[in-house]
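Below is one structure, written out as structure tokens; the observations come after it.
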Ligand code: PMP
């Protein structure tokens, strides 16, 4: 059997001070390690240039405001949206909750329907259930194809005018399957539904262009994109944000406050109540600079080659069951007959290979796959063929131990 190798490994592991030599970090889908550039941006943000944003009359604060808004511009450029369409939030979870509360809260009524898919992360399920319950709307679930992609033909057949919103993952955090988000958006729009794309696992792995996709909402978390935790992005079309009421009340999000009546600031400020995660935005900006310098096309090719190498090697081990499509983006889920994924994870940890074992916040998907949990290896820019080989060696040891 020929095992595919990466044409040209990225070889950037030296940029990541928290990855010691010989440690195969294969849990990037949970959270990415941070390059020095990002750590330095955070250190500088607190240690040299720190001040609040938007309110200060002194130079330091004006400079910090410029840096914070430059981060917003960087995000907008990164996904090809407009600056006033980028709302900083804590992460994808908060972004989806914001849309569920402020958009769905206004637009949904009894009898309306929301369309999700069978592979969604809990954060793209639960907020919609909460929104639907509040008004008496219903949820439908698009099935998966035999090779574990969201079945867009089935979706086309399911969509009806009652569907007001479609919410789908761009890349599955369990299977790595990549959605044809452009086609999904076109299908949603045919029945007049809006579409939210959960881009958590996509933005670190593929070039994303929200204008080309023509989606209505796009969300992601900074920490999966080599940036800090506590900062994420809601991008939404300007007219949708304009029509949405505030998410939380407080400082910054207002135009004028009197006890008789308060008026609100325009987007995106309307949705950023309170002092924001200032330094988080600077860290996210640095992370975007970092991945753009490498190039998302190169990152995608690199991870695709690592996935191919992994799948090919694991397919040769009898007791291993692989999930997801052959061309999954950077993520491989698998099970070993008769071995609990947690045991796989523990034995691999002894071999200095860090994977994730569990339901990956996708319990409905686990039910569909007929398993309690899976083991998952997920790749980042710092991984190389040697990490795949360490994983495969570790799995061979697991199969020996469990006979
Ligand atoms: N969606 C997907 C596909 C994810 O992988 C995750 C994180 N595992 C989330 C949403 C939630 O992201 P966060 O926890 O950063 O808000």
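Using a cutoff of 8 angstrom between alpha carbon atoms and counting only pairs six or more residues apart, the relative contact order for the range 40-292 works out to 24 percent. So if each residue of separation counts as 0.36 nm, and I subtract the Cα-Cα distance between residue 397 and residue 294, what length gain in nm does that give? The residue 397-residue 294 span can extend by a further 33.6 nm.
Taking 0.36 nm per residue of sequence separation and removing the Cα-Cα distance, the residue 243/residue 342 pair yields an extension gain of 31.0 nm.
Packing order of peptides 85-95, 110-120, highest average first: 85-95, 110-120 (average count of other Cβ atoms within 10 Å over each peptide's residues).
Segment residue 275..residue 145, full-extension length gain: 42.3 nm, with 0.36 nm per residue of separation and the alpha-carbon distance subtracted.
With N as its number of residues, the chain has a Cα radius of gyration that, divided by 2.2 N^0.38 Å, comes to 1.01. Would you mind telling me the antiparallel percentage of the DSSP bridges in the chain, rounded to 5? So the antiparallel bridges in the chain amount to around 55 percent. Considered as an equivalent ellipsoid built on the Cα gyration tensor, the range 57-128 has semi-axes of 33, 14, 12 Å, the largest given first. Spacing of the modelled spin labels on residue 255 and residue 50, each 7 Å from Cα toward Cβ, amounts to 3.6 nm.
Can you give me the angle between helix 341-350 and the longest principal axis of the chain, using Cα atoms only, in degrees from 0 to 90, rounded to the nearest 10? Tilt relative to the chain: about 80 degrees. Please report how far the C-alpha centroid of the range 353-397 lies from that of the range 73-144, rounded to the nearest whole angstrom. Rounded to whole Å, the Cα centres lie 27 Å apart. In this simple spin-label model, placing a label point 7 Å from the Cα along the Cα-to-Cβ direction at both residue 84 and residue 36 gives a separation of 4.1 nm.
Need one word for the range 15-171: rounded, prolate or oblate. Basis is the Cα gyration tensor (sqrt eigenvalues a ≥ b ≥ c); a/c below 1.5 gives rounded, then a/b vs b/c decides. Taking the square roots of the gyration eigenvalues as a ≥ b ≥ c, the range 15-171 is oblate. Going by a ≥ b ≥ c, the root eigenvalues of the Cα gyration tensor, does the range 295-403 fall in the rounded group (a/c under 1.5), the prolate group (a/b larger than b/c) or the oblate group? Here the range 295-403 falls in the oblate category.
Helix 126-135 against the longest principal axis of the chain: what's the angle in degrees, Cα atoms only, rounded to the nearest 10? The helix 126-135 is inclined about 40 degrees to the chain. Relative to the dominant Cα principal axis of the chain, helix 59-79 is inclined by about 60°.
If you sort the three axes of the alpha carbon gyration tensor as a ≥ b ≥ c, you get a/c of 1.5 or more for the range 132-236 and a/b above b/c, which makes it prolate.
Readers should treat all values here as calculations from the given coordinates under stated rules, not as data from a laboratory. None of the values given here were measured: they were computed from a predicted structure. Counting neighbours? That spans all protein chains shown, and the Cβs are built from the backbone with ideal geometry, glycine included.
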